[in-house]
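*Asks:* Next up is a structure, given as structure tokens.
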Amino acid sequence: MQRHLIVTADDFGLHQTVNEAVEQASRGGILTAASLMVAGPAAADAVRRARRLPNLRVGLHIVLADGLSSLPHRQIPSIADAEGRIGEDMFFRGVRYFASAAARKQLEAEIRAQFLAFARTGLPLDHVNAHKHFHLHPTILGILIRVAREFGARAMRVPDEPFWFAARTGYWDAAAGTLLTPWLMLMRHRLRVAGIFHNDSVFGIASSGSMDEEQLLAILTRLPRGVTEIYLHPATTSGAAVAPSMRGYRHADELAGLLSARVREVIAALNVRRGGYGDILRSIGRSLA
């Protein structure tokens, strides 16, 4: 089986330093894709940069936790506060979305608004994923699949990280990993039924905020067959300067990894096809259109 590699920067549009890093890594590094926060404080700057980066494939980073909403509070009171902020309390939000029909209606409205905002950029939609992988929630996933199909999205990230990589970080929890397995299986099944393409493996979960050169080389040394997505959070500065919830993130080290000459050399030596999800779909005879 051929190996395909997608290297993605998440949180495009969150901060100008993130956008600067995406541009640097697209022009001079191994970055091939970025996931746009359409309501992010620096989203307009991100879109301007994306339009002048012909090799960057841009997707939609749906924000339903720890970020800003596209719709005002009055339209989605169960989701955003008066300032349009969506909190980090994913467990309680998940319970609310499952139990409340009103919350689900607002959830669909917000997801649809984010797709509309992306469509207005005029950028081709390469893929869809969710901030903090909230689309693992079955209720969110069902709505997301339905709206994604309406907007012609044909690829979505499955946050399934190989155990060996998660375990080497020292943060892997075997019990938590086992509990996620049925949800990941359900997600793959629902995406297949919906005709939405997805990756086979992903890297970046257990080492979120610390995907530096060492981590990238470890992944590339054991790059699996099939479609692999490596996602990072690069920026030209680090930590809370980018976002309060990212206090411990080493954004600048992740950018350095994307620009590393050693990493570029290792990738060049691999028999691997690179690009975004759309490039892979085209290479295997399918189309995003």
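*Asks:* Would you confirm whether or not the range 261-284 contains a residue that is more than 20 Å from the chain's Cα centre (by Cα), buried (at least 19 other Cβ atoms within 10 Å of the Cβ) and either of a type in the set (D, E, K, R) or under 22 Å from VAL22 (Cα atoms) (or both)?
*Replies:* Yes, that holds for at least one residue.
*Asks:* Quick check on this structure: which one of LEU270, LEU288, LEU255 is of a type in the set (A, V, I, L, M) and at pLDDT 95 or above?
*Replies:* The unique qualifying residue is LEU255.
*Asks:* Has the range 77-89 got at least one residue that is touching a strand residue (DSSP E or B) at 6+ places or on another chain (Cβ under 7 Å) and of a type in the set (Val, Ile, Thr)?
*Replies:* Scanning the range 77-89, I find at least one residue that is touching a strand residue (DSSP E or B) at 6+ places or on another chain (Cβ under 7 Å) and of a type in the set (Val, Ile, Thr), so the answer is yes.
*Asks:* Going by what's in this entry, would ILE111 be described as farther than 30 Å from ALA269 by Cβ and in a helix (DSSP H, G or I)?
*Replies:* It is true that ILE111 is farther than 30 Å from ALA269 by Cβ and in a helix (DSSP H, G or I).
*Asks:* Related question: For the range 146-163, how many residues are farther than 27 Å from ILE219 by Cβ and touching a strand residue (DSSP E or B) at 6+ places or on another chain (Cβ under 8 Å)?
*Replies:* Total satisfying the criteria: 1.
*Asks:* With the requirement that a residue be in a loop (DSSP other than H, G, I, E, B), more than 26 Å from PRO224 (Cβ to Cβ) and hydrophobic (A, V, I, L, M, F, W, C), what does the range 126-160 give you?
*Replies:* PHE151
*Asks:* Can you name the residue in the range 38-58 that is of a type in the set (A, V, I, L, M), under 23 Å from PHE134 (Cα atoms) and in contact with a Ser or Thr (Cβ under 8 Å, 6 or more places away or on another chain) and, of all such residues, is surrounded by the most Cβ atoms within 10 Å (Cβ to Cβ)?
*Replies:* VAL58
*Asks:* Among the residues of the range 230-253, is there at least one that is over 28 Å from ALA65 (Cα atoms) and in contact with a helix residue (DSSP H, G or I) (Cβ under 8 Å, 6 or more places away or on another chain)?
*Replies:* No.
*Asks:* Looking only at the range 218-272, count every residue that is closer than 15 Å to PHE203 by Cα and part of a loop (DSSP other than H, G, I, E, B) and tell me the total.
*Replies:* Number satisfying all stated conditions: 6.
*Asks:* So if I check each of VAL263, VAL202, VAL227, which one is β-branched (Val, Ile, Thr) and out of contact with any helix residue (DSSP H, G or I) (no Cβ under 8 Å at 6 or more places or on another chain)?
*Replies:* VAL202
*Asks:* Looking at the range 27-37, which of its residues are of a type outside the set (Val, Ile, Thr) and either outside any helix (DSSP H, G or I) or crowded, with 23+ Cβ neighbours inside 10 Å (or both)?
*Replies:* If the condition is that a residue be of a type outside the set (Val, Ile, Thr) and either outside any helix (DSSP H, G or I) or crowded, with 23+ Cβ neighbours inside 10 Å (or both), then GLY29, LEU31, ALA33, ALA34, SER35, LEU36, MET37 are the ones that fit.
*Asks:* Which members of the range 18-51 meet the condition of being closer than 17 Å to ASP212 by Cα, of a type outside the set (A, V, I, L, M, F, W, C) and over 14 Å from the mean Cα position of the chain (by Cα)?
*Replies:* Residues satisfying the conditions are GLN24, SER26, GLY28, GLY29.
*Asks:* Of all residues in the range 1-26 being among the aliphatic types (A, V, I, L, M) and in a strand (DSSP E or B), which is surrounded by the fewest Cβ atoms within 10 Å (Cβ to Cβ)?
*Replies:* Here the answer is LEU5.
*Asks:* What pairs come out if I take residues in the range 99-128 that are under 16 Å from ILE145 (Cβ atoms) and pair them with residues that are among the hydroxyl-bearing types (Ser, Thr, Tyr) and assigned to a helix (DSSP H, G or I) whose C-beta lies under 7 Å away, six or more apart or interchain?
*Replies:* Filtered contacts from the range 99-128: ARG104/TYR97; ARG104/THR139; LEU107/TYR97; HIS127/TYR277.
*Asks:* Over 17 Å from MET246 (Cβ atoms) and small (Gly, Ala, Ser), is that true of GLY29?
*Replies:* yes
*Asks:* Taking the range 179-206 only, how many residues are touching a Lys or Arg at 6+ places or on another chain (Cβ under 9 Å), among the hydrophobic types (A, V, I, L, M, F, W, C) and part of a loop (DSSP other than H, G, I, E, B)?
*Replies:* Residues flagged as touching a Lys or Arg at 6+ places or on another chain (Cβ under 9 Å), among the hydrophobic types (A, V, I, L, M, F, W, C) and part of a loop (DSSP other than H, G, I, E, B) within the range 179-206 amount to 2.
The values are calculated or read from the model by the stated rules, or taken from the named source; none is laboratory data. Remember, it's a predicted structure, so these values are computed and weren't measured experimentally. Quick reminder, even Gly has a Cβ in these numbers, built from the backbone with ideal geometry, and neighbours come from all protein chains shown.
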